[in-house]
Amino acid sequence: MRIARFDGGKIGVVDGDSIVDVTAVCGIDPAEWPAVGPLRLIRDFAALRPAIEAALPTAPRHALADVRLETPVPWPNKVIAYPVNYHAHGREMQANYRATNQGFFLKPSSAVSGPNDPVELPSVPGREVHHESELGIVIGKEVRGLKREDWREAVFGYACLLDMVVRGREERVFRKAYDTFCPVGPWIVTADEVPDPANLDMKLWVGDELRQSANTRDLVLDIPGMIETASAVMTLYPGDIIATGTPEGVGPVVDGDVIRIVIDQVGEMNVPVVQGNRGMTEVFAQPYVPPIIKQN
Ligand code: MN
């Protein structure tokens, strides 16, 4: 099932070219603040699913093209992100570590945005903002200390995710924390529809230029390992998101670009990029001459 959020917090099931409004069945108030209804939906999904399926023939139905999709989980408890989790990306970044010996970092929930929300580039002269295409995992169950063989228990579904970053040597979290630096969507595909998430083609274009093309089989720390590692440290909650890492081919985006990410069996997002005038801080005052081949 493809679970989407649209038109101001409504919950929809995507069915081909249409979307069925199941907000009422899910018992969610689209106007609630904070918008944590999707967390309850994910927690209670097994119990709600029969009612959702029963409502599909009669619930309000719209053409997918006529609605505005929003990020499916706007208030996750946390976004866990694994750095340098493909060897080829590690080589292009000249990183001497991998996710297997570095662990993870966090992106703030406030950075999460949707497939139709433009990425707002901060005004940080002399710096590049790079795209990172990643498979997003949405956690479905509260777990702590989960063993790798039990990883499927914890997974609700999958989404496309962009881990945007200002390149530099400052704290990674600082450079990855800007609003709109974590587009997630266009919906969540429930785990039953992705039998093998460790064999998904993932591609990213900027405009017509193919920048990243990889398969999740090349993850260094695999999905069971990522869940085991995260849950060893923290309680994972329904709606938590794991950014699984980006393959090689990262590069800069500028005002007017459109970032297209496509993941097999999951979906596609076309995210516009706009130049904003906010976000400069003294932290970025010092120039950065990076060891990244990609940076001109
Ligand atoms: Mn990343």
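Residues in the range 157-199 that are in contact with a His (Cβ under 9 Å, 6 or more places away or on another chain) and under 21 Å from TYR237 (Cβ atoms): ASP163 alone. Of the residues making up the range 91-115, those that are more than 18 Å from ALA159 (Cβ to Cβ) and either free of Cβ contacts under 8 Å to residues at least 60 places away in the same chain or outside the structural domain of PHE181 (by TED's automatic domain parsing) (or both) are ALA95, ASN96, TYR97, ASN101, GLN102. Quick check, is ASP196 within 16 Å of the ligand (Cβ to nearest atom), over 15 Å from the mean Cα position of the chain (by Cα) and over 30 Å from GLN275 (Cβ atoms)? In short, no.
Do we have ASP240 as of a type in the set (D, E, K, R) and surrounded by fewer than 20 Cβ atoms within 10 Å (Cβ to Cβ) here? Against the criterion (of a type in the set (D, E, K, R) and surrounded by fewer than 20 Cβ atoms within 10 Å (Cβ to Cβ)), ASP240 does not qualify. Does the range 134-150 contain at least one residue that is within 19 Å of GLU248 (Cα to Cα) and out of contact with any strand residue (DSSP E or B) (no Cβ under 8 Å at 6 or more places or on another chain)? No, the conditions are met nowhere in the range 134-150. Of ALA46, ALA95, ALA81, all but one fail to be within 26 Å of LYS141 (Cβ to Cβ) and within 16 Å of the ligand (Cβ to nearest atom); the exception is ALA81. Number of residues in the range 11-35 that are more than 18 Å from ALA159 (Cα to Cα) and either open to solvent by less than 70 Å² (accessible area, probe 1.4 Å) or hydrophobic (A, V, I, L, M, F, W, C) (or both): the value is 16. Within the span defined as the range 59-75, one or more residues are within 23 Å of SER109 (Cα to Cα), surrounded by fewer than 20 Cβ atoms within 10 Å (Cβ to Cβ) and among the hydrophobic types (A, V, I, L, M, F, W, C). Counting only strands (runs of 3 or more DSSP E) that sit wholly inside the range 16-84, those with at least 2 residues that are hydrophobic (A, V, I, L, M, F, W, C) are 18-21, 79-81. Checking each residue in the range 202-215 for being under 23 Å from VAL112 (Cα atoms) and touching a helix residue (DSSP H, G or I) at 6+ places or on another chain (Cβ under 8 Å) picks out only MET202.
Across the range 200-227, the number of residues qualifying as more than 27 Å from GLY12 (Cα to Cα) and assigned to a loop (DSSP other than H, G, I, E, B) comes to 5. Among the residues making up the range 99-126, those that are open to solvent by 30 Å² or more (accessible area, probe 1.4 Å) and touching a Gly at 6+ places or on another chain (Cβ under 6 Å) are GLU120, SER123. With respect to ILE188, determine if the residue is open to solvent by less than 30 Å² (accessible area, probe 1.4 Å), touching a residue at least 40 places away in the same chain (Cβ under 8 Å) and assigned to a strand (DSSP E or B). Considered against the rule, which asks whether it is open to solvent by less than 30 Å² (accessible area, probe 1.4 Å), touching a residue at least 40 places away in the same chain (Cβ under 8 Å) and assigned to a strand (DSSP E or B), ILE188 comes out as yes. Listed by first and then second residue, the pairs linking a residue in the range 155-177 that is farther than 21 Å from VAL274 by Cα to a residue that is of a type in the set (Ser, Thr, Tyr) and more than 13 Å from the ligand (Cβ to nearest atom), with Cβ atoms under 6 Å apart and 6 or more places separating them unless they lie on different chains, are GLY157/THR190. Looking only at the range 223-246, residues that are polar (S, T, N, Q) and away from the ligand (no atom under 15 Å from the Cβ) come to 3 in all. Among the residues of the range 142-168, those identified as in a loop (DSSP other than H, G, I, E, B) and away from the ligand (no atom under 16 Å from the Cβ) are GLU142, ARG144, GLY145, LEU146, LYS147.
With respect to the conditions (1) open to solvent by 10 Å² or more (accessible area, probe 1.4 Å); (2) at negative phi; (3) under 17 Å from the mean Cα position of the chain (by Cα), ASP150 falls short on a single one, namely (3).
The values are calculated or read from the model by the stated rules, or taken from the named source; none is laboratory data. Keep in mind the model is a prediction, meaning the values are calculated, not measured. All Cβ positions, even for glycine, are placed from backbone atoms using ideal geometry, and neighbour counts span all protein chains on display. Each accessible area value is taken on the protein alone, full model and side chains, heavy atoms only, with ligands, DNA and RNA left out. Shrake-Rupley method; radii C 1.70, N 1.55, O 1.52, S 1.80 Å.
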